[in-house]
Amino acid sequence: MSDAPPIEAVILTWNSDHEIERCLETLAVAMVEYGRGGIIHVIDNGSTDNTLKVVEVTQANLHGVEIRAHAMGVNTGTTVSRNYALRKARAPYVLVADSDTEFPPGSVKALVERMKATPHAGLVAPQLY
């Protein structure tokens with residue numbers, strides 16, 4: 001697993017062109033703040049708006065993370081699309097969120113630190129508000 005990034009994220013989208021930019025920007029900052037960047041998998045479920053174009057433009061402006069867009073072509077639903085991305089992830093920590101999520105400073109670092117401090121846990125979840 002030495003070639004694996006320290007953390008990967010899975011973000012599901014469907015007609016999310018109004019919210020995905022903020023999601024990716026705040027997530028990228030929080031992942032870089034964690035200290036080592038990582039990979040963000042954007043799984044698009046057949047959007048008919050500009051979601052994939054917004055992802056492409058946003059990717060060009062982010063530093064320290066790699067965005068991998070995966071166009072499913074049709075809306076496969078959350079389970080199929082999320083599992084598709086989870087099978088691709090190789091990092092020891094995988095964050096899963098929806099396209100309308102915003103990540104406050106310190107959030108990714110806090111989640112990873114909680115996982116490290118609780119080795120018997122299979123997952124941790126943040127407070128949502």
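The values are calculated or read from the model by the stated rules, or taken from the named source; none is laboratory data. Everything quoted here is computed from the prediction, not taken from an experiment. Methodologically, a virtual Cβ is constructed for each residue, glycine included, from the backbone with ideal geometry; neighbour enumeration extends over all protein chains shown. Accessible surface is based on the protein model in full, side chains and every heavy atom, while ligands, DNA and RNA are left aside. Shrake-Rupley method; radii C 1.70, N 1.55, O 1.52, S 1.80 Å.
All conditions in (1) in a helix (DSSP H, G or I); (2) modelled with pLDDT of 95 or more; (3) farther than 20 Å from PRO126 by Cβ hold for LEU27, with the sole exception of (3). There is at least one residue in segment 100-107 that is within 19 Å of GLU33 (Cα to Cα) and assigned to a helix (DSSP H, G or I).
The C-beta contact set for segment 62-75 (first residue more than 16 Å from ILE7 (Cβ to Cβ), second residue open to solvent by 50 Å² or more (accessible area, probe 1.4 Å) and among the hydroxyl-bearing types (Ser, Thr, Tyr), distance under 9 angstrom, 6+ apart or interchain) comprises HIS70/TYR84; MET72/TYR84. Taken together, the residues in segment 93-103 that are open to solvent by 80 Å² or more (accessible area, probe 1.4 Å) and more than 11 Å from ILE20 (Cα to Cα) amount to 0.
Once segment 66-99 is narrowed to residues that are among the hydroxyl-bearing types (Ser, Thr, Tyr) and touching a strand residue (DSSP E or B) at 6+ places or on another chain (Cβ under 7 Å), the residue that is farthest from GLY37 (Cα to Cα) is THR78.
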